[in-house]
1. Compute the distance from the alpha-carbon center of region 250-327 to that of region 375-425, in whole Å.
2. On average, how much accessible surface per residue is there in region 78-218, in Å², for a 1.4 Å probe, leaving out ligands, DNA and RNA?
3. Tell me the relative contact order for region 189-278 as a rounded percent, counting alpha carbon contacts under 8 Å between residues six or more apart.
4. Could you rank Thr118, Thr483, Thr43 by how accessible they are, 1.4 Å probe, largest area first?
5. Once every Cα of region 116-188 carries one equal point scatterer and solvent is ignored, give the base-10 log of I(q)/I(0) from the Debye formula at q = 0.21, 0.22 Å⁻¹, two decimals.
6. Once you keep just the Cα pairs under 8 angstrom separated by 6 or more residues, what percentage relative contact order results for the chain?
7. I need the trypsin sites (Lys or Arg not before Pro) found in region 165-233, filtered to DSSP loop residues with at most 12 other beta carbons within 10 Å of theirs.
8. How do Lys529, Lys46 rank by accessible surface area computed with a 1.4 Å probe, from largest to smallest?
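The values are calculated or read from the model by the stated rules, or taken from the named source; none is laboratory data. Only a predicted model underlies this, so the values are computations on that prediction, with no experimental measurement involved. Cβ: placed from backbone, ideal geometry, glycine included. Neighbour counts: every protein chain shown. Side chains included, ligands, DNA and RNA excluded: accessible areas come from the protein's heavy atoms. Shrake-Rupley method; radii C 1.70, N 1.55, O 1.52, S 1.80 Å.
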Amino acid sequence: MDIQASRKTKFIFITGGVLSSLGKGLAAASIGALLESRGMTVTFQKLDPYINVDPGTMNPFQHGEVYVTDDGAETDLDMGHYERYTKAVMGRINNYTSGRIYYSVIMKERRGEYLGGTVQMIPHITDEIKRSVMQLDGMADVAIVEIGGTVGDIEGLPFIEAIRQLRGDLGRDYSLFIHLTLVPFIKTAGEIKTKPTQHSVKELLAAGIQPDILICRTETPLDAGVKKKIALFCNIEAEAVFTAVDVDNIYELPLRLHEEGADHRILQKLGIWTGAPNIAPWQDLVRRSKSPSRSVTIGITGKYVELKEAYKSLHEALIHGGLACDAKVHLRYIAADDLEGGGSVNELADCDGILVPGGFGSRGTEGKIRAIQHARESKVPFFGICLGMQLAVVEFARNVAGLEGADSVELNPATAHPVIYLMKEWFDFRSGRTETRDERSDMGGTLRLGAYPCVLQANSLAHAAYAQSEISERHRHRYEFNTLYRERLEQAGMVISGSSPDGSLVEIVELGGHPWFLGCQFHPEFKSKPMLPHPLFRAFIAAALAHQL
Ligand code: GLN
């Protein structure tokens with residue numbers, strides 16, 4: 001395949017070795033942040049080797065959070081890191097899985113586009129990958145492409161082969177290979193071990209890739225001697241070996257990499273000249289996060305308490321809300337199952353704020369409803385997101401509006417009062433026409449996904465938080481507030497403070513007579529950044545702080 005590169009964009013390919021969860025996504029995001037701090041524009045792509053077409057149907061236990069982009073793609077949670085650390089806007093073209101690549105090749109084969117040829121891993125699959133990567137060409141000064149998984153994984157081989165070929169197509173000035181590995185400290189030997197790194201680089205070399213830069217994940221900084229040894233065995237200069245030391249605060253990572261000169265080296269290798277970086281905002285952020293003057297405890301009543309990755313963006317957004325209020329946020333995950341039946345709400349009693357996050361399925365929902373009832377009655381600040389908002393409506397309908405047995409049809413299809421129901425049709429401003437839900441389509445195809453506009457009512461908590469009347473937020477849900485019950489619930493004291501511009505979709509609910517009780521149908525956590533905390537999270541944390549007094 002002939003690559004017609006624009007010669008505007010330089011590509012950085014990031015691979016990982018030894019084991020997964022080394023923080024490749026954070027390293028990629030941090031490099032992006034450092035390049036932006038030098039006045040460059042960046043974009044990203046994540047290539048995930050698994051066969052699912054996207055993570056939308058995957059269990060959060062397996063995959064962690066499904067991150068939703070403005071254009072409605074269900075993507076890997078690394079997209080969240082990319083957007084939080086930089087100004088880059090992610091979408092459908094920024095995340096590909098093997099499944100999506102294979103699917104596209106197979107569809108082309110079925111349409112006869114290969115003109116009777118034998119369809120093969122090389123060149124057909126690899127060309128499809130290269131085409132996907134090259135979509136980023138011209139979109140930014142630098143495109144950072146992260147290959148998921150670990151070098152040597154069978155599933156990842158076509159991606160490795162594709163980027164090997166791209167090195168030849170793009171040339172040295174336009175491509176750079178960064179390999180992230182682990183340099184463990186072995187307690188019994190009292191020593192740092194470089195062998196896993198050597199092996200992982202060998203594995204890359206066997207695939208035809210010589211890394212230009214190594215980033216070694218370690219517990220303690222590596223001294224010059226160790227870097228020299230790694231350099232010798234891995235065929236690179238000692239000055240191209242960097243360490244990514246474990247940090248308490250993930251927003252320190254850009255600063256740590258900068259202190260070692262990683263950004264300088266990357267630019268040098270790519271032949272890019274820029275002015276001095278402006279890292280003051282990152283220094284300021286880290287300084288503020290280290291010495292907050294107050295602290296709050298937020299109780300999160302969710303299904304996946306054991307697995308924080310499932311609530312990645314939520315967790316970050318709460319921290320950002322704390323940063324905006326000069327407060328440290330302690331998160332207390334409370335298993336919703338434990339609150340079911342007669343379970344005690346003691347664990348909630350000393351929380352300064354209660355949050356019920358999004359979710360699917362009925363497990364734990366009665367427990368979440370109890371948490372919401374406690375927040376409403378005890379006047380503890382409450383924030384309900386997506387399912388959390390829907391359950392707040394159910395709780396209010398049952399316990400305040402007197403609608404006995406009210407429920408969401410997702411949880412009880414036979415409910416007498418379907419206050420949350422399955423919408424069959426809605427107006428999609430993007431296509432400019434009424435969309436109809438196709439009941440026969442597969443699981444992944446029936447969600448309202450991506451950014452939708454929402455109009456805010458004056459004199460509401462939402463309006464006070466955003467300080468504007470029209471907002472855009474990201475959605476990922478199947479069920480909606482049933483407007484047949486709108487009047488009844490409003491009469492009982494519920495405030496509809498946000499709705500779609502045509503008024504047909506309820507997006508935000510609040511309660512009168514409560515210091516801060518807000519549920520939103522969208523996921524605000526996807527748009528919060530450390531430098532730009534989301535207004536709702538800032539307002540929620542401020543309300544939790546006020547509740548302490
Ligand atoms: N399960 C609910 C729905 O599909 C809520 C989804 C969510 O919280 N993301 O509407």
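1. Computed from Cα coordinates, the inter-centre distance equals 36 Å.
2. Values: 5930 Å² over 141 residues.
About 42 Å² of surface per residue is accessible.
3. Numbers: 76 pairs, mean separation 21.1, N = 90.
Dividing the mean separation by the residue count of region 189-278 yields 23 percent.
4. Details: Thr118 105, Thr483 55, Thr43 10 Å².
Order by accessible area, largest first: Thr118, Thr483, Thr43.
5. -1.02, -1.09
6. Working: 1131 pairs, mean separation 80.7, N = 549.
Reported as a whole number, the value is 15 percent.
7. Working: sites: Arg167, Arg172, Lys187, Lys193, Lys202, Arg217, Lys227, Lys228, Lys229; in loops: Lys187, Lys193.
Those satisfying the criteria are Lys187.
8. Values: Lys529 50, Lys46 15 Å².
Sorted descending by solvent-accessible area, the residues read Lys529, Lys46.
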